[in-house]
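Chemist: First the structure, then my questions, so here it is.
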């Protein structure tokens, strides 16, 4: 399984086209995206697959996941608050309480290099 994680740096970083190019070149089984804006919801129209985004409270960005395989909708998992002074407040991460077994079949024509 090939997993790629990318912090998109909100609106001054990667575009949906940049992410689509990464998918076409790297062909990940699972793509995890941080600081994903609403613009990224168009990703399946560029490369197909399945996409889900979890906006962070009071932010224009959030966390997102893309896969060529169908997956259950992620549930928000609370993360512990940092004990270090001045660090970011409590956050959430998308996660699954279970993954379908066997692993879902990829999109037609999808194969690992």
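Chemist: Right, residue 32: part of a helix (DSSP H, G or I), surrounded by 13 or more Cβ atoms within 10 Å (Cβ to Cβ) and modelled with pLDDT of 90 or more or not?
Modeler: no
Chemist: Restricting to the range 38-52, what's the tally of residues that are in contact with a helix residue (DSSP H, G or I) (Cβ under 6 Å, 6 or more places away or on another chain) and either assigned to a strand (DSSP E or B) or surrounded by 20 or more Cβ atoms within 10 Å (Cβ to Cβ) (or both)?
Modeler: Going through the range 38-52 one residue at a time, the tally reaches 3.
Chemist: Still on this model: What about residue 22, is it part of a helix (DSSP H, G or I), free of Cβ contacts under 8 Å to residues at least 40 places away in the same chain and out of contact with any helix residue (DSSP H, G or I) (no Cβ under 7 Å at 6 or more places or on another chain)?
Modeler: Criteria met by residue 22.
Chemist: Quick check on my filter: what residues within the range 51-63 are modelled with pLDDT under 95 and under 21 Å from residue 77 (Cβ atoms)?
Modeler: Hits for the range 51-63 are 52, 53, 54, 55, 56, 57, 58, 59, 61, 62, 63.
The values are calculated or read from the model by the stated rules, or taken from the named source; none is laboratory data. Treat the numbers as computed from the prediction; the structure is a model and nothing was measured. Here Cβ is always computed from backbone atoms with ideal geometry, including for glycine, and neighbour counts include all displayed protein chains.
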